Amino acid sequence: MANEIITSSEYIRHHLQNLTFGQHDDGSWGVAHNAEEAVDMGFWAINIDSIGMSLVLGSLLMWFFRSVAKKVQIGIPKGAQNFAEWAIDFINDSVNGSFSGINSLVAPLAFTIFIWIFLMNLMDLLPIDLIPEAAKFVCVNIFSVEPHTVFFKVVPSTDPNITLGMAFGVFILVLFYSVKMKSLSGFIGELILQPFGKWAMPFNLLLETISLISKPVSLALRLFGNMYAGEMIFILIAIMFSAGVVMASLGTLLQIGWAIFHILIITLQAFIFMTLTIVYLDMAHQK
């Protein structure tokens, strides 16, 4: 936000606003210039920053492990190969400890979920203005866009669209394997006959439906809520740097302390999402 005088609330709103592309009220398509325009664009609007960062990080994930796989050496692993083998062993141990069925999809899925979400969360440790200011520089100097209309949220997991999308992907797999392993009649029977038997089928259906739907919702909102709160704290600490030398010094200490603590949070949230995915798929495989 260089060369602009803005209030703290404007600074916070700017950093929490996505770069949204969609249809304007006049029928034209383009980027939203404020939060109100983004809301008016409706369901089919796309958050370019969240999608873009997710694709970049996903591509980086695939490139890294593919490059390691192409250079695997027999013997004591070193460097990148050592890290890759450690990550794979860690995921395998988690899957073996939580999944009792036989499915070759579960381990790769768990691996992708953990590493991808970890990389998304890791973006929270970058300087708060680094990538947004770089995006603004490109848009202003190359595309002649007004500076105040350039938004860029760096952390995809602070966007509920991303976390809900991943959670509903897992939910579809849970439904698929529930029907595949138990048959459609078995799955429906599980919904209407548990936990109180055939004499309470409507009540059973209500309870089981709520339990089923709560799985993707809890997956998505837990990750989103924790990362959104962490991002908000980083933004509030960043504001301290504009309040004089004393507050800037205190802000530096707080930023370092919160960043160290946040490393645990971003890892834990990725691990929880992965573990619950494994557990839900294990429940779907139970006959």
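The values are calculated or read from the model by the stated rules, or taken from the named source; none is laboratory data. Since we're looking at a predicted model, the values are computed, not measured. Using ideal geometry, Cβ is built from the backbone for each residue, glycine included, and neighbour counts are taken over all protein chains shown.
Values for this structure:
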{"item": "Filter result for Arg66 (closer than 21 Å to Leu119 by Cβ and charged (D, E, K, R))", "result": "yes"}
{"item": "Filter pass, Leu109 being in contact (Cβ under 8 Å) with a residue 24 or more places away in the chain, within 29 Å of Tyr177 (Cβ to Cβ) and surrounded by 17 or more Cβ atoms within 10 Å (Cβ to Cβ)", "result": "yes"}
{"item": "Out of Leu119, Leu55, sole residue that is assigned to a helix (DSSP H, G or I), modelled with pLDDT of 95 or more and exposed (fewer than 13 other Cβ atoms within 10 Å of the Cβ)", "result": "Leu55"}
{"item": "Filtered residues of the range 1-57 (kept if of a type in the set (D, E, K, R) and within 23 Å of Met120 (Cβ to Cβ))", "result": "Arg13, Asp49"}
{"item": "Filtered residue count, the range 166-183, keeping only those that are out of contact with any Pro (no Cβ under 8 Å at 6 or more places or on another chain) and surrounded by fewer than 16 Cβ atoms within 10 Å (Cβ to Cβ)", "result": "8"}
{"item": "Among the candidates Phe152, Phe196, Phe203, residue that is touching an Asp or Glu at 6+ places or on another chain (Cβ under 8 Å) and of a type in the set (Phe, Trp, Tyr)", "result": "Phe152"}
{"item": "Only one of Ala229, Ala248 that is at pLDDT below 90 and farther than 22 Å from Leu191 by Cβ", "result": "Ala248"}
{"item": "Check on Asn34, surrounded by fewer than 17 Cβ atoms within 10 Å (Cβ to Cβ), in contact with a Ser or Thr (Cβ under 9 Å, 6 or more places away or on another chain) and farther than 30 Å from Tyr280 by Cα", "result": "yes"}
